[in-house]
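The values are calculated or read from the model by the stated rules, or taken from the named source; none is laboratory data. Predicted, not measured: the structure shown is a model, and the values here were computed from it. Neighbour counts run over all protein chains shown; Cβ positions are idealised from the backbone, glycine included.
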Amino acid sequence: MQTPSNLRKPPKRAEAISTAPLLTFDATTRHYGDVIAVSAVSCEIAEGSFVALVGASGSGKSTLLKMVNTLEAPSAGRVLFTGDDVTNQPPAQLRRRIGYVFQGIGLFPHMSVAENIAIGPRLAGESLTAGRIGELLEQVEMEADMAARMPDELSGGQRQRVGVARALAIEPELLLMDEPFGALDPITRDALGETVRDLHDRLGLTTIMVTHDMAEALLLADRVIVMDAGAIVADCSPHDLLAGQGGEIAQGLVAVPRQQAEKLAAMERE
Amino acid sequence: MSDFAEILFGLGDKLTAHIVLAASAIGLGIAVALPLAVWASRSRTVAKVALGFASLVQTIPALALLALFFPILLSLRAVFGEGLPTLGFLPALLALALYALLPILRNAVTAQANLDPGVLEAADGVGMTGWQKLRLVEAPLSAPFIMAGIRTASVWTIGAATLSTTIGQPSLGDPIFAGLQTQNWTLVLAGCLASAALALIVDALLGLIERGLATRQRWQWIAGLIAVALGIIGALTYQSGGDDEDTIIIASKQFSEQYILAQLIGSQLEAAGFVVEYRDGLGSAVVHNAVASSAIDISVDYTGTIWTNNLKRTDNPGREEMYQIIKTWEAEENGVRVLGRLGFENAYAFAMREDRAAQLGLTSLDDLVTVAPQLTVGGDPEFFERPEWIAVREAYGMRFGETRNFSPTFMYNALTSGEADVISAYTSDGRIAADKLVVLEDPREALPSYDAMLMISPRRANDAELIAALQPLIGAINVEQMREANFAVDREGEGKLSPKRAAAQLAEEIGLN
């Protein structure tokens, strides 16, 4: 694990970007019967930003994310992507513009790694060259000759790397990640987080990542949105959060990795 | 054993008919089950209703399901016209397809329900449309399970298809039913062996396809598929032409006398230049309707059967008048021509072993009444539901200690072995003489007469040539001659004849040739 000291500097890119947001939540609400999962959330995501959505289980962060690519439909309010209501376009068309990586990974078990990566372009009627597939594998730090493997021949970390490559293959305008590293061991998790952050910078992506792990959010994102009971309770940079801003719930989440780091540092001194 | 091989190789046309029927039924079952499974995977209500219906169908005995399609198709003639076949291939196809539905549907629905939710979420996430998701993800991942369902359905269907004999569809059931009735075990064995071998081969080939799909070995499932396709194409090519308009179709019910008479009629017509075809082993209830609807051209039926089953009468006006009433009724109601009586009766009668009757001092049903409570009576499966039984009970106040059902063949054995004291025998049965049985008299005339009649379908009722060829059979066969022919077929060991041979002997006996 990295310690808070080599924390990323506040975003360089965000200020430089045009004023129109890539994504807008406009009083977006989702309830299941009487249970409210997301309660009138409004916020804007600028192009090029890396946003972490953090919160405890049931805070509504995943539901909010899934309303972007319409895996969930809002009960009220809107989600605007490049200025258009997402529910006004055919779901398949919308989703082919948005990369989606999630905890379940969901590689198609009957398709090779290459076929899995090429599925998005294939759906749009295009085919990827072997060279392009090799390039995508390299981007997620895998050997090009893995292309012929079947998913069940890969380790968990390798599978999720292929999952990321699959999402990148469509050259997404937006990358959604729902607990992408949740099922991986800490070392794999850390390495893959670094890979994704590097790709974000290198390819100029806009990324929203849902995680319940505040340390991960602080280390990777340049904007952290904290949710609780379906509402946003904090929205600031990692730097400001570590400086004590964002309120009680956010600070409660920040306290956990901070205390762990302090204890570890104290043990090292002994 | 050479006899056995000869029979086995003679089953070629039954085998091809069996393959074509079973393949069509499974094909239809797949064609209905798969879209239904897709729909069911999108709607919980549809899944419940479809699986419930398929399970319900499965609880109906196959034999009953096959027979049920006769009245259903008959009533559908009001919609589709008189051309709709009510016997043979169509009802067999529909019943077997319904039967094949459940395993295919259940496996397809279960496979869909058990798909990894992560994979389905990914399919949506990458932007698949519903159709793409079905084609690229759900179908290939469910295929091995669906194939397992098709495999189960195929083995069931190949087995159940033997029962389609009872509704006039040729199949490997023909030798089984004919053999069971005439106690020709070689015939039974040949039919069972052919049907079992077919089921095993199909199971192995479909298993190959299933494993090929599961392990994604393309050559394996394609090879299996090609083998299955070749088998079906081969059967279709071998099955030449189909029914000719001019073919005379002769029915027989499920007992020896009927097989013999069908052969007798057939050879008589062939001698006159007609082309004939046999529908052997039909259900008793099916035969009359089949003749009335011209699905069958010729049958032999009995006055007492028509009297109670079709005229719904329980009185007994006497032998001659009963015949005249039936003849008029058939002509007016159904357009069926009752050409005449063959000369013998095959009535129900109570029979006992000679020594047992002597020991108890019985000669008539009147005598039987007092000792009946200590005795066991055996009857064929329908006897105790028939009006004859009710009539005897009412006329004599007859009460037996125990009643037991036997198949007609085993009923006589039960009498010899002492499992039954009295049986409801048939008067033309050869075993009455052979087993030295005593037929108890019926002084109160509770049991109606059962004159054998030659019935001609409305389609052929005015075919002068046909009538002329059949005329020599009228009044030609007495009960002793019929008993002898029946016994030749029913007996064991030396002197046992096939129905065809017995018919030839009977023809000679009555001076036809």
Next item on the list: Would you mind stating whether A:G247 is in contact with a Ser or Thr (Cβ under 7 Å, 6 or more places away or on another chain) and at positive phi?
Entry: no
Margin query: I'd like the residue in segment A:62-109 that is touching a residue at least 40 places away in the same chain (Cβ under 8 Å) and of a type in the set (D, E, K, R) and, out of all such residues, is farthest from the other protein chains (Cβ to nearest Cβ).
Written below: A:R78
Item checked: Given (1) more than 14 Å from chain A (Cβ to nearest Cβ); (2) surrounded by fewer than 24 Cβ atoms within 10 Å (Cβ to Cβ); (3) in contact with a helix residue (DSSP H, G or I) (Cβ under 8 Å, 6 or more places away or on another chain), index of the condition B:I104 fails -> (2)
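If a residue must be over 21 Å from A:S112 (Cβ atoms) and β-branched (V, I, T), how many such residues does segment A:141-188 contain?
At the first step, the residues of segment A:141-188 found to be over 21 Å from A:S112 (Cβ atoms) are A:171-188.
From what's left, β-branched (V, I, T): A:187-188.
So the answer is 2.
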Check: Is it the case that segment B:121-141 has a residue that's surrounded by fewer than 21 Cβ atoms within 10 Å (Cβ to Cβ), away from chain A (no Cβ under 14 Å) and in a helix (DSSP H, G or I)?
Finding: no
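Based on what the data block shows, is B:E82 within 14 Å of chain A (Cβ to nearest Cβ) and charged (D, E, K, R)?
On the way: within 14 Å of chain A (Cβ to nearest Cβ): no; charged (D, E, K, R): yes.
Criteria not met by B:E82.
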Next item on the list: Name the residue, out of B:L473, B:L466, that is crowded, with 21+ Cβ neighbours inside 10 Å and either among the aliphatic types (A, V, I, L, M) or modelled with pLDDT of 90 or more (or both).
Entry: B:L473
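Considering only segment A:126-143, state which residues are in a helix (DSSP H, G or I), farther than 29 Å from B:A214 by Cβ and in contact with a helix residue (DSSP H, G or I) (Cβ under 7 Å, 6 or more places away or on another chain). Spell out the reasoning first.
In the first step, residues of segment A:126-143 are kept if they are in a helix (DSSP H, G or I); the result is A:130-139.
Among the residues that remain, those that are also farther than 29 Å from B:A214 by Cβ are: A:131-132, A:134-136, A:138-139.
Passing the criteria: A:G134, A:L136, A:E138, A:Q139.
For segment B:373-448, which strands (runs of 3 or more DSSP E) that fit wholly inside it have 2 or more residues that are of a type in the set (S, T, Y) and under 29 Å from B:E321 (Cβ atoms)? Please lay out each step first, then the result.
Working: elements: B:376-379, B:402-405, B:422-426, B:437-439.
Ranges flagged: B:422-426.
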Next item on the list: Among the numbered conditions (1) farther than 17 Å from B:A446 by Cβ; (2) surrounded by 15 or more Cβ atoms within 10 Å (Cβ to Cβ), tell me where B:E332 comes up short.
Entry: (2)
Item checked: Pair list, Cβ under 8 Å, 6 or more apart: segment B:148-174 residue on the phi > 0 side of the Ramachandran plot, other residue basic (K, R) -> B:G168/B:R279
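Take the conditions out of contact with any helix residue (DSSP H, G or I) (no Cβ under 7 Å at 6 or more places or on another chain) and crowded, with 17+ Cβ neighbours inside 10 Å and apply them to B:L261. Does it pass?
Working: out of contact with any helix residue (DSSP H, G or I) (no Cβ under 7 Å at 6 or more places or on another chain): yes; crowded, with 17+ Cβ neighbours inside 10 Å: yes.
Yes: the conditions hold for B:L261.
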Note to self: Restricting to segment B:335-372, count the residues that are among the charged types (D, E, K, R), in contact (Cβ under 8 Å) with a residue 40 or more places away in the chain and part of a helix (DSSP H, G or I).
What the structure shows: 4
Notebook entry, point to check: So B:E385 fits all but one of (1) within 22 Å of B:S256 (Cα to Cα); (2) surrounded by fewer than 15 Cβ atoms within 10 Å (Cβ to Cβ); (3) of a type outside the set (G, A, S); what number is the exception?
Noted result: (1)
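Quick one: in segment A:123-176, which of the residues that are among the basic types (K, R) and more than 14 Å from every other protein chain (Cβ to nearest Cβ) is nearest to A:F108 (Cα to Cα)? Full working, then the answer.
If we filter segment A:123-176 for residues that are among the basic types (K, R), which is where we start, we get A:132, A:149, A:159, A:161, A:166.
With more than 14 Å from every other protein chain (Cβ to nearest Cβ) added as a condition, the list becomes A:132, A:161.
Working: A:R132: 20, A:R161: 14 Å.
Here the answer is A:R161.
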Item checked: Conditions (1) outside any helix (DSSP H, G or I); (2) more than 10 Å from every other protein chain (Cβ to nearest Cβ); number of the one not met by B:A153 -> (1)
Item checked: Close pairs (9 angstrom Cβ cut-off, 6 or more residues apart or separate chains): within 14 Å of another protein chain (Cβ to nearest Cβ) in segment B:202-217, of a type in the set (K, R) anywhere -> B:G212/B:R218; B:Q217/B:R211
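For the condition at pLDDT 90 or above and farther than 16 Å from B:T16 by Cα, what is the one hit in B:L172, B:L198, B:L136? Steps first, answer last, please.
On the way: B:L172 fails: farther than 16 Å from B:T16 by Cα; B:L198 fails: farther than 16 Å from B:T16 by Cα.
From the options B:L172, B:L198, B:L136, the qualifying one is B:L136.
Scan segment A:110-122 for residues that are at the interface with chain B (Cβ under 7 Å from one of its Cβ atoms) and of a type outside the set (A, V, I, L, M) and report the count. Please lay out each step first, then the result.
Just the residues of segment A:110-122 that are at the interface with chain B (Cβ under 7 Å from one of its Cβ atoms), to begin with: A:110, A:119-120.
Of the ones still in play, those that are also of a type outside the set (A, V, I, L, M) are A:110, A:120.
Number satisfying all stated conditions: 2.
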Note to self: Would you confirm, using the coordinates I've provided, whether B:F4 is modelled with pLDDT under 90, under 24 Å from B:N289 (Cα atoms) and of a type in the set (F, W, Y)?
What the structure shows: no
Next item on the list: For segment A:162-232, please list each of the strands (runs of 3 or more DSSP E) lying entirely inside it that holds at least 2 residues being free of Cβ contacts under 8 Å to residues at least 60 places away in the same chain.
Entry: none
Margin query: Condition first: away from every other protein chain (no Cβ under 14 Å), over 12 Å from the mean Cα position of the chain (by Cα) and not in a helix (DSSP H, G or I). Can you find one or more residues in segment B:159-176 that meet it?
Written below: no
Notebook entry, point to check: Picking from B:Y412, B:Y450, B:Y426, which residue would you name as being among the aromatic types (F, W, Y), within 23 Å of the chain's Cα centre (by Cα) and closer than 21 Å to B:L360 by Cβ?
Noted result: B:Y412
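B:E382 - would you say it is closer than 26 Å to B:M482 by Cβ, in contact with a strand residue (DSSP E or B) (Cβ under 8 Å, 6 or more places away or on another chain) and in contact (Cβ under 8 Å) with a residue 24 or more places away in the chain? Spell out how you get there, then give the answer.
Numbers: closer than 26 Å to B:M482 by Cβ: yes; in contact with a strand residue (DSSP E or B) (Cβ under 8 Å, 6 or more places away or on another chain): no; in contact (Cβ under 8 Å) with a residue 24 or more places away in the chain: yes.
It is false that B:E382 is closer than 26 Å to B:M482 by Cβ, in contact with a strand residue (DSSP E or B) (Cβ under 8 Å, 6 or more places away or on another chain) and in contact (Cβ under 8 Å) with a residue 24 or more places away in the chain.
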Note to self: Looking only at residues that are under 18 Å from B:G340 (Cα atoms) and not acidic (D, E) in segment B:311-326, which one is surrounded by the most Cβ atoms within 10 Å (Cβ to Cβ)?
What the structure shows: B:I326
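If you take the residues in segment B:481-513 that are among the basic types (K, R) and assigned to a helix (DSSP H, G or I), which one is surrounded by the most Cβ atoms within 10 Å (Cβ to Cβ)? First the steps, then the outcome.
To start, the set of residues in segment B:481-513 that are among the basic types (K, R) comprises B:483, B:491, B:496, B:500-501.
Next cut, assigned to a helix (DSSP H, G or I) only: B:483, B:500-501.
Numbers: B:R483: 23, B:K500: 17, B:R501: 15.
Among them, the one singled out is B:R483.
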Margin query: Please go through segment B:107-120 and give me each residue that is surrounded by fewer than 23 Cβ atoms within 10 Å (Cβ to Cβ) and either at positive phi or in a helix (DSSP H, G or I) (or both), ordered by number.
Written below: B:T110, B:A111, B:Q112, B:A113, B:P117, B:G118, B:V119, B:L120
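A quick yes/no check of all residues on (1) over 28 Å from A:G252 (Cα atoms); (2) under 14 Å from the mean Cα position of the chain (by Cα); (3) not basic (K, R):
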{"residue": "A:A169", "(1), (2), (3)": "yes, no, yes"}
{"residue": "A:E173", "(1), (2), (3)": "yes, yes, yes"}
{"residue": "A:L184", "(1), (2), (3)": "no, no, yes"}
{"residue": "A:T188", "(1), (2), (3)": "no, no, yes"}
{"residue": "A:V196", "(1), (2), (3)": "no, yes, yes"}
{"residue": "A:V210", "(1), (2), (3)": "no, yes, yes"}
{"residue": "A:D213", "(1), (2), (3)": "no, yes, yes"}
{"residue": "A:A217", "(1), (2), (3)": "no, yes, yes"}
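Modelled with pLDDT under 90 and either of a type outside the set (S, T, Y) or within 22 Å of the chain's Cα centre (by Cα) (or both): which single residue out of B:L28, B:L63 fits that description? I'd like the intermediate steps shown before the answer.
Numbers: B:L28 fails: modelled with pLDDT under 90.
When all the criteria are applied, what remains is B:L63.
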Checklist line | Of all residues making up segment B:289-301, the number that are crowded, with 22+ Cβ neighbours inside 10 Å and either assigned to a helix (DSSP H, G or I) or hydroxyl-bearing (S, T, Y) (or both) | finding: 4
